[in-house]
1. Restricting the search to the stretch 108-127, which residues are surrounded by fewer than 16 Cβ atoms within 10 Å (Cβ to Cβ) and within 19 Å of ASP148 (Cβ to Cβ)?
2. Among the residues of the stretch 21-61, write down those that are open to solvent by 60 Å² or more (accessible area, probe 1.4 Å) and at pLDDT below 80.
3. Need pairs with beta-carbon distance below 7 Å; first residue assigned to a helix (DSSP H, G or I) and within the stretch 23-38, second polar (S, T, N, Q) and open to solvent by 70 Å² or more (accessible area, probe 1.4 Å); sequence gap 6+ or separate chains.
4. Identify, please: which residue in the stretch 133-170 is modelled with pLDDT of 85 or more and among the aliphatic types (A, V, I, L, M) and is, among those, surrounded by the fewest Cβ atoms within 10 Å (Cβ to Cβ)?
5. So how many residues does the stretch 91-107 have that are surrounded by 15 or more Cβ atoms within 10 Å (Cβ to Cβ) and either under 12 Å from TYR135 (Cβ atoms) or at pLDDT below 95 (or both)?
6. Any residue in the stretch 1-13 that is touching a residue at least 12 places away in the same chain (Cβ under 8 Å) sitting within a Cβ distance under 9 Å of a residue that is acidic (Asp, Glu) and in a loop (DSSP other than H, G, I, E, B)? List the pairs, counting only those 6 or more apart or interchain.
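The values are calculated or read from the model by the stated rules, or taken from the named source; none is laboratory data. All values reported here derive from a predicted model rather than from experimental measurement. Cβ placement follows ideal geometry from the backbone for every residue including glycine, while neighbour counts extend to all protein chains displayed. The accessibility values were calculated without ligands, DNA or RNA, using every heavy atom of the protein model including side chains. Shrake-Rupley method; radii C 1.70, N 1.55, O 1.52, S 1.80 Å.
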Amino acid sequence: TDRPPLQSFDPETGEFKGVTKGILEYLSKHTGLSFEVVSIPRYDDLATALREENIDIVAGVNDDDNTEIDKIVAMTTSILLVYNKFVDPDRLDGKNIALLWDQAETAPEGAPVQLYDTIEECLEAVNSGEADYTYGTSYTTPYYLNIDELSNILYLPTSTQSMLRPRAAG
């Protein structure tokens, strides 16, 4: 429900907005298809939530082990290390990392973790110094930096790989 700029719902009006809305409107106009947007809030088991709501298409999916999206489609985005400007990005061992609630298990080993409900909250924590760093995508990070005036944040590209995947043993 809260993945700007891809998609979100206005908290006051409940209106669906974002890039996904534009794509669905375009598809409707050019194909005659119609779509019913169903809001799925925070979930612990996406597959169960999708079955219960009888969902046919999912948009704005997290690229993480909880959704296992990589088994269905390939997604490309740049992953950014987002850090407080008073923190040395080359020395993050032992620094506090802000993560989304469903990514707790992806934290670097031994890192103090602070969990938040949204990426916006993660970025605000880094900006205020409550956390030292987090990770974001090349889509969401600039979006929030532009609207939230987060002046204590810097970022560096890390890779085009999936964000914070735990390493398999072997």
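1. ASP117
2. Step one: list which residues in the stretch 21-61 are open to solvent by 60 Å² or more (accessible area, probe 1.4 Å), which gives 23, 25-27, 29-37, 41-42, 44-45, 51-54, 56-58.
Scanning the stretch 21-61 gives PRO41, ARG42, ASP44, ASP45, ASP56, ILE57, VAL58.
3. Correct list of pairs: SER28/SER34.
4. Checking each candidate, the answer is LEU156.
5. Going residue by residue through the stretch 91-107, those that are surrounded by 15 or more Cβ atoms within 10 Å (Cβ to Cβ) are 92, 95-100, 102-103, 106-107.
From the residues that got through so far, the ones that are either under 12 Å from TYR135 (Cβ atoms) or at pLDDT below 95 (or both) too are 92, 97-100, 102-103, 106-107.
Going through the stretch 91-107 one residue at a time, the tally reaches 9.
6. From the stretch 1-13, the pairs are ASP2/ASP117; PHE9/GLU15.
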